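Asks: Would you mind keeping the following structure in view while I ask a few things?
The values are calculated or read from the model by the stated rules, or taken from the named source; none is laboratory data. Just so it is clear, the model here is predicted, and its values are computed rather than measured. Cβ coordinates were reconstructed from backbone atoms using ideal geometry, including for glycine residues, and neighbour counts include every protein chain displayed.
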Amino acid sequence: MTKPLMKCGHSANATNQDGNPVCAICIGIDAGGTVVDEAPPDLTGRIARCVYCKQEKPSSFDLPFFEYGGDKWKDLDTGSPADWYYCGCRGWD
């Protein structure tokens, strides 16, 4: 099952006490961390980069700690829109 995208731009990475999806990164900081984006963008052709090692994968709401970059982030090599995620390169602790 694909994780929902939250209005903060991250894929849901936790649930609240009622079992609803939330973004644990943004909850309490960005109101969008508790609101599911009912019209998520099409990720076809987009690339996500690990925030630390820059490993690339096709963008997917199911990538760990995925963050949709919209048009604000660009791939430095191609100029195409880019997204972020965490590949686990620094461990999962």
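Asks: Is it true that GLU67 is at pLDDT 95 or above and under 23 Å from CYS87 (Cβ atoms)?
Replies: Numbers: at pLDDT 95 or above: yes; under 23 Å from CYS87 (Cβ atoms): yes.
When the stated conditions are applied, GLU67 passes them.
Asks: Mind checking which residues of the stretch 25-42 are among the aliphatic types (A, V, I, L, M) and either assigned to a strand (DSSP E or B) or touching a Cys at 6+ places or on another chain (Cβ under 6 Å) (or both)?
Replies: VAL36 - this is the single residue of the stretch 25-42 that is among the aliphatic types (A, V, I, L, M) and either assigned to a strand (DSSP E or B) or touching a Cys at 6+ places or on another chain (Cβ under 6 Å) (or both).
Asks: Take the stretch 30-71 and flag every residue that is of a type in the set (D, E, K, R) and over 12 Å from PRO4 (Cβ atoms).
Replies: Scanning the stretch 30-71 gives ASP30, ASP42, ARG46, ARG49, LYS54, GLU56, LYS57, GLU67, ASP71.
Asks: Further, regarding this structure: Can you tell me which residue is surrounded by the fewest Cβ atoms within 10 Å (Cβ to Cβ) among those in the stretch 20-37 that are among the β-branched types (Val, Ile, Thr) and in contact (Cβ under 8 Å) with a residue 24 or more places away in the chain?
Replies: Among residues in the stretch 20-37 that are among the β-branched types (Val, Ile, Thr) and in contact (Cβ under 8 Å) with a residue 24 or more places away in the chain, the one surrounded by the fewest Cβ atoms within 10 Å (Cβ to Cβ) is VAL36.
Asks: Further, regarding this structure: How many residues does the stretch 38-79 hold that are of a type in the set (S, T, N, Q) and exposed (fewer than 11 other Cβ atoms within 10 Å of the Cβ)? Reasoning before the result, please.
Replies: Filtering the stretch 38-79 down to residues of a type in the set (S, T, N, Q) leaves 44, 55, 59-60, 78.
Imposing the further condition that a residue be exposed (fewer than 11 other Cβ atoms within 10 Å of the Cβ) reduces the set to 44, 78.
The total comes to 2.
Asks: Something else about it: What residue, of GLY45, GLY91, GLY70, is out of contact with any strand residue (DSSP E or B) (no Cβ under 9 Å at 6 or more places or on another chain), at positive phi, assigned to a loop (DSSP other than H, G, I, E, B) and not basic (Lys, Arg)? Steps first, answer last, please.
Replies: Values: GLY45 fails: out of contact with any strand residue (DSSP E or B) (no Cβ under 9 Å at 6 or more places or on another chain); GLY70 fails: out of contact with any strand residue (DSSP E or B) (no Cβ under 9 Å at 6 or more places or on another chain).
Within the list GLY45, GLY91, GLY70, the selection yields GLY91.
Asks: Can you find, within the stretch 1-19, the residue that is modelled with the highest pLDDT among those that are surrounded by fewer than 14 Cβ atoms within 10 Å (Cβ to Cβ) and of a type in the set (Ser, Thr, Tyr)?
Replies: Selected residue: THR15.
Asks: Which of the residues spanning the stretch 1-16 are over 12 Å from the mean Cα position of the chain (by Cα), within 17 Å of GLY28 (Cα to Cα) and not in a strand (DSSP E or B)?
Replies: Hit for the stretch 1-16 is ASN16, nothing else.
Asks: Return the total of residues in the stretch 73-88 being closer than 19 Å to ALA24 by Cβ and assigned to a loop (DSSP other than H, G, I, E, B).
Replies: As a first pass, look at the stretch 73-88 and keep what is closer than 19 Å to ALA24 by Cβ: 83-88.
From what is left, the residues that are assigned to a loop (DSSP other than H, G, I, E, B) are 86-88.
Matching residues across the stretch 73-88 total 3.
Asks: Same structure, new question: Pairs please, first residue from the stretch 71-93 and closer than 10 Å to ARG46 by Cα, second anywhere and part of a loop (DSSP other than H, G, I, E, B) and acidic (Asp, Glu), Cβ atoms under 9 Å, 6+ apart in sequence or on different chains.
Replies: PRO81/ASP71; PRO81/ASP75; ALA82/ASP75
Asks: Within the stretch 1-25, which residues are out of contact with any Ser or Thr (no Cβ under 7 Å at 6 or more places or on another chain), of a type in the set (D, E, K, R) and over 11 Å from GLU67 (Cα atoms)?
Replies: Listed by number, the list holds a single entry, ASP18.
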